[in-house]
Amino acid sequence: MGSRSVEDMIEASSGVHFSGFHMEGLKSRNIDKPTTSAGAESVHKQPFVIGVAGGAASGKTTVCDMIIQQLHDQRVVLVNQDSFYHNLTEEELARVHEYNFDHPDAFDTEKLLDSMENLRHDRAVDIPNYDFKSYKSNIFASRRVNPSDVIILEGILIFHDPRVRELMNMKIFVDSDADVRLARRIRRDTVEMGRDIGAVLDQYSKFVKPAFDDFILPTKKYADIIIPRGGDNHVAIDLIVQHIRTKLGQHELCKIYPNLYVILSTFQIRGMHTLIRDAHTTKHDFVFYADRLIRLVVEHGLGHLPFTEKQVITPTGSVYTGVDFCKRLCGVSVIRSGESMENALRACCKGIKIGKILIHREGDNGQQLIYEKLPQDISERHVLLLDPILGTGNSAVQAISLLIKKGVPESNIIFLNLISAPQGVHVVCKSFPRIKIVTSEIDIGLNEDFRVVPGMGEFGDRYFGTDDDDDNQQVAASTQLSGQSS
């Protein structure tokens, strides 16, 4: 198989096995869409939250320790669900051997949620230090935990409550054989806690195994990544750490939406953005540097298309093993500014078909589809949707909805743009979690006129040197195009 990035491995479709661990595809986390620039700015302080679940003695702690060790250059904190056991009442203490510590009701989930919300909003918390001899959390001093880049939440039932699951950017289930878990539990409880082996086995058969079957195992379906053999699976843990490092180096929204890609910023890219955003830049320079940026975005977008292995014979008579490009491909530009991206796509993909969609704007929420001209076999193709600015996301949603209505699978759509507002990213990613968005920069947000800030003004006007006061010009242009076959 051709070489693929860790991003693509982690985002493999449901049911794929790679290097001994099972991946269900990282799902986007639903969060409320911010309606102001201030709301969008608050997203930038969100840590990357990893949930690690699995049966008792499955190897969760080992997996967490290995992730923390490899992320030594990041601020990482570990929060254990075990810290949030309820204090036992006197009646419960008298019959402690009949108390089920593996049941969801044994945990103070409300307190756990409160602590996690504080950490996610940059506030330090005091985590209880539960004593398993007195079965109280007020015997020892609490542990102060400070806000960090990465929060690892570990516990047998952290996937059980949907409110806790909703906090996580990545969900890992450590899957170990039942016999292995039982052997580890016997060794731990008899050696470390001095318990009688008969009592350990009795507790296992009465509470631990039934609770695993009833409450823990069913949450395995929520996992993004399933790791067999726990801490012994070094390949899986290395790939997970690599993925986390990639996400930490990206824009904060990329931690929330694994289908969002921001091309790596360099001084060259930053310099080109400076030029095209400058209100005093001439049309000639604006077009030149916008074309350069568009080409970079298109090239990056093409890198997310599927490929197949291909061997060729070089002029030296040697065999070179490479990859073959995706053949069933087309572009679709949102008239009018999206047409500025067509030349870059044609330069990268010889003879590519390009369709058109015109969406007339009547106020921010009044988008109305005016015109569409798409390849007849578009449902059989991967589609690169072209629009340089993602603002509110309303036009993008309408364009994507049309493509899906035409039979294009959601996962076959890659949306390419130069600048995205966080509000638009939220709208598109939450509406279509399986498409991919590739952009060169994410701005602060939208102003009261729903314009991207700091933005670059009306892209189509600056690129084509036209005045958009009369929207009828767009309709007239579309009717001229209706007879064309791209």
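Values quoted throughout were computed directly from the atomic coordinates according to the rules given, and no laboratory measurement underlies them. Remember, it's a predicted structure, so these values are computed and weren't measured experimentally. In this analysis, Cβ positions are derived from the backbone assuming ideal geometry, glycine residues included, and neighbour counts consider all displayed protein chains.
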* **Largest-first principal axis extents, alpha carbons of the range 307-346, Å** => 48, 18, 9
* With θ set to phi - 60° and the Karplus curve 6.51 cos²θ - 1.76 cosθ + 1.60, what are the ³J(HN,Hα) couplings of the range 148-153 in order, to the nearest whole Hz, using x for Gly and Pro? -> 9, 6, 10, 10, 9, 9
* Structure fact -> Bounding extents of the range 188-304 in its principal axis frame from Cα atoms, largest first in Å, are 83, 27, 24
* Give the share of C-alpha pairs in each 10 angstrom bin for the range 259-481, from 0 to the last occupied bin, in whole percents, shortest bins first. => 8, 33, 37, 16, 5, 2, 0
* Structure fact -> Check: in the range 259-481 the Lys pairs 8 or more apart or on separate chains whose Cα atoms fall under 12 Å apart number 5
* √(5λ) per eigenvalue of the Cα gyration tensor, the range 37-150, largest first, Å -> 30, 17, 13
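Trypsin sites (Lys or Arg not before Pro) within the range 171-219: which are DSSP loop residues with at most 15 other Cβ atoms inside 10 Å? Kindly include the intermediate steps, with their values, before the conclusion.
Numbers: sites: 171, 181, 184, 185, 187, 188, 195, 206; in loops: 195.
Passing both the DSSP loop test and the Cβ count: 195.
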* Taking amide H positions as placed in the peptide plane 1.01 Å from N, state which residues far from residue 250 in sequence (5 or more) or on other chains have amide H under 5 Å from it. => none
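Which of the chymotrypsin sites (Phe, Trp or Tyr not before Pro) found in the range 131-208 are in a DSSP loop and have at most 13 neighbouring Cβ atoms, other than their own, within 10 Å?
Numbers: sites: 132, 135, 140, 159, 173, 204, 207; in loops: 132, 135, 140, 159.
Here the chymotrypsin sites (Phe, Trp or Tyr not before Pro) that fit, given the DSSP loop and packing criteria, are 132, 140.
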* Would you order 429, 349 from fewest to most other beta-carbon atoms within 10 Å of each residue's own beta-carbon? => 349, 429
* Packing-based exposure ordering (other Cβ within 10 Å, fewest first) of 145, 452, 319 -> 319, 145, 452
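Please order 175, 149 by the number of other Cβ within 10 Å, starting at the fewest. Show your work: numbers first, answer last.
Working: 175 21, 149 15.
Lowest to highest Cβ neighbour count: 149, 175.
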